[in-house]
Amino acid sequence: MRPIAPASALRNQKVSAAEHLAYDPFVLWLEGVCCQRGGVPVIDTVTFGVARSELIVVQGEAGSGKSTLLELAAALRTPDRGAVWFAGRNISTLQQASLPFVRRNIGYATTDPLLVLEDSALDNVAMALAVRGETPRRALELARDALAWVGAADLEERAVSTLSAGQKRVVALARAVAGPPSLIVADEPGAGAGDHLRATIVTVLGAARDAGAAVLAATADSSLADRLVELGGRRIHLEQGRVAGAPAVGLVPDFTPAPTADLPPVALTPVRDLEACVEGSPARKGPA
């Protein structure tokens with residue numbers, strides 16, 4: 001069995017994303033991240049990681065910084081201070097043009113599905129897989145599997161414009177978990193959802209975790225958070241942008257992941273194109 005090198009040591013080496021994930025179980029690592037809006041801290045010195053086959057639930061009231069934290073995790077925002085590591089690459093230092101290469105490796109689900117209305121549900125899911133580098137045939141195959149996984153196989157050929165709001169959210173969930181990718185980020189996945197959809201969300205996120213994905217979800221709904229924790233998820237409480245009870249340096253997780261060799265075999269969508277990313281001034285600085 002190969003030993004797992006300390007994450008800090010791996011992050012200082014020039015290794016590929018695949019090599020990194022073979023040794024370091026943490027797919028995502030946020031280190032002392034801070035974010036401000038109008039000079040007011042929204043995220044204040046937060047540190048934690050999400051490992052392979054781990055589900056973390058970030059719980060907090062509205063305005064606690066949950067959505068901003070998940071935007072940082074999904075490479076949609078760059079921290080003002082600190083670092084966000086994905087598959088061994090500090091994505092906080094990447095140029096703006098490189099960030100799409102990171103995002104295509106992350107399944108992201110929000111309350112706003114952002115689907116292509118004229119296309120079918122199947123095409124919407126397959127498009128995300130094609131962007132990740134799957135062949136057209138393989139993308140369609142995985143998209144069908146994902147729609148069946150969320151109980152929406154009957155929606156394959158339906159144009160998204162003809163779907164109800166709940167059906168669109170199910171299709172968006174299928175798109176986020178299709179593959180599945182190494183990291184799934186779900187922001188308020190159960191907001192405004194009925195009991196059936198909420199049950200589907202819990203089941204699918206748990207199944208994605210069991211398949212080997214790192215899953216990070218955020219919710220203000222204590223009932224939904226409890227159900228995810230019952231599946232073996234770890235709960236983090238966020239209050240005014242800080243992990244509740246954590247010192248100024250942030251939270252070092254008490255989770256000790258199993259060595260990679262002890263994890264069940266998985267068939268995650270490979271992390272691609274990170275080696276093509278160009279480091280430079282953080283995206284938040286904008287053009288000179």
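The values are calculated or read from the model by the stated rules, or taken from the named source; none is laboratory data. Since the model is a prediction, treat every value here as computed from it, not as a measurement. Cβ sites come from the backbone with ideal geometry, for glycine too, and all protein chains shown count toward neighbours.
Quick rundown of the values:
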| item | result |
| --- | --- |
| Helices (runs of 4 or more DSSP H) completely within segment 75-193 that count 2 or more residues being of a type in the set (Val, Ile, Thr) and either in contact (Cβ under 8 Å) with a residue 12 or more places away in the chain or closer than 20 Å to residue 214 by Cβ (or both) | 121-131, 165-177 |
| Unique residue being under 30 Å from residue 29 (Cα atoms) and of a type in the set (A, V, I, L, M, F, W, C) when the list is 170, 160 | 170 |
| Selected residue (only one of 118, 157 is farther than 30 Å from residue 41 by Cα and in contact with a strand residue (DSSP E or B) (Cβ under 6 Å, 6 or more places away or on another chain)) | 157 |
| Hits in segment 123-145 - residues which are in contact with a Lys or Arg (Cβ under 7 Å, 6 or more places away or on another chain) and either β-branched (Val, Ile, Thr) or closer than 14 Å to residue 174 by Cβ (or both) | 124, 125, 128, 131 |
| In segment 194-242, the residues that are under 18 Å from the mean Cα position of the chain (by Cα), under 26 Å from residue 37 (Cα atoms) and either of a type in the set (Ser, Thr, Tyr) or outside any strand (DSSP E or B) (or both) | 219, 220 |
| Residues of segment 1-46 satisfying the condition of being crowded, with 19+ Cβ neighbours inside 10 Å and modelled with pLDDT of 90 or more | 27, 28, 29, 30, 31, 33, 35, 42, 43, 44, 45, 46 |
| Residue among 133, 107, 88 that alone is at positive phi and touching a helix residue (DSSP H, G or I) at 6+ places or on another chain (Cβ under 6 Å) | 88 |
| Criterion: closer than 19 Å to residue 28 by Cβ and among the β-branched types (Val, Ile, Thr) - qualifying residue of 116, 102 | 102 |
| Hey, residue 186 in contact with a strand residue (DSSP E or B) (Cβ under 6 Å, 6 or more places away or on another chain), surrounded by 20 or more Cβ atoms within 10 Å (Cβ to Cβ), under 22 Å from residue 63 (Cα atoms) and not hydroxyl-bearing (Ser, Thr, Tyr) or not | yes |
| Criterion: within 19 Å of the chain's Cα centre (by Cα), at pLDDT below 90 and surrounded by fewer than 19 Cβ atoms within 10 Å (Cβ to Cβ) - qualifying residue of 282, 287, 270 | 270 |
